[in-house]
Every structure is written in structure tokens, then in C-alpha cells.
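First up is the structure itself, then whatever we jot down about it.
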Amino acid sequence: MLAILRQMTAADRTAEYTRILAENRRYTDAFDRSALTAKPLSRLAIVACMDARLDVEETLGLRTGDAHVIRNAGGLVTDDVIRSLIVSVELLGTEEIVLIEHTRCGLQDLDEDAFRARVAEDSGVPDEGPRVRYGGFADLEENLRRHAAILREHPLLGRFAIHALVFDVSNGRLTELA
């Protein structure tokens, strides 16, 4: 996927951007969700990977307004995810948290040093520059259990039901981890 994006020209990206703005105009013509509030109707918050193969709403049978969906590379529990979850539970009534990671994740077996060097080369910014932890991991289930434990042990979030699921990109099935 990254190779395809690198081959796109600025004109291609502009055409795609133009397309999504046109889609938004179409969307607003039929927009009827103004009565929804920021509170999730299901009282769920979902933390999931940003992978385009995982359509969280479709996978879980959710509609707009049903849940807060927080996505990042790997579906990792970061400081910003924790901040968002605290806002979700304390201000907006969330009572249950679901973590979803998936098979064949791009972060699985990621060599952080090699990736950091690649980013430095591609960007022209030395790898001594802004230090980012990308969240590479070796074992999917171990990684998911570790992130669920971070939430379960968090003093502000541990009182809520926290679930850990693996999404299989080959068949769409969710598997619950203990």
C-alpha cells in the first residue's frame, strides 16, 4: 500500500481529495443525524487499529452514534487513547471498552530501528530527530493482552468492563481473548 501511495502524484492526491469533498456534498443532502448527541448510545468505546481492512462499525453491527471509535496504528493503548477513554467514560457515559487488534498487522514483527531509519531517509530528517515509538510487537495475542492489562490496571479505567478481541483479516471473524 505504501508503495502505491508513493507512486501517486500530487495531481492524483488532489483528485482524490476533490472526490471526497464531492462525496461529502452528496452526504449532506441526506444527512439526518442532527438529533444525535456525543454520548454513545451503546455506552461502548472501541479502540482499534486503523487498518483499512477493519471496518469497525460493520464488523460489530454499529451505526453512527452507537459507540466512540478510537483508532491508531496497531490499536495500541497510548497516552492519547487513555485520555480519550477518560473523556468518554467521565463526560459521555461510556461503561464498556473493547480493544480490537488484527491478524497480519503491519506492526507485527516491525523492526523499530530499521523503520526509524527508513522514515529518516524518506523524510530527510535525521533519526536523531523527533523520537517516535511505533509500537512494533512480536506476538499478537500477547500484545493485545498487555494493552488490555494497561486499561484494567489504570486507576480511572479499571472499573469498567474491558474486552480484548482479535479480528481475522482473512475471514472477518472476531476471537475473544481472556
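To the nearest 20 Debye, how big is the dipole of the chain about its Cα centre, given +1 on the beta carbon of each Lys and Arg and -1 on that of each Asp and Glu?
Charge dipole of the chain: 500 debye, to the nearest 20.
Give the calculated FRET efficiency between Asp111 and Asp79 to the nearest 0.05, with a Förster radius of 25 Å applied to their Cβ-Cβ distance.
0.60
Which of the peptides 145-156, 108-119 is most tightly packed, and how do the rest follow, going by the mean number of other Cβ atoms within 10 Å of each residue?
145-156, 108-119
Find which of Leu177, His163, Ile100 sits farthest along the positive direction of the dipole of segment 99-178, computed with +1 on the beta-carbon of Lys and Arg, -1 on that of Asp and Glu, about the Cα centre.
His163
If N is the number of residues in segment 41-178, what value comes out of its Cα radius of gyration divided by 2.2 N^0.38 Å?
1.11
Taken together, the values in this text are just the output of simple stated rules run on the coordinates, not laboratory data. From a predicted model like this one, the values you see are computed outputs, not experimental measurements. Glycine also receives a Cβ, built like all others from the backbone with ideal geometry; neighbour counts cover every protein chain displayed.
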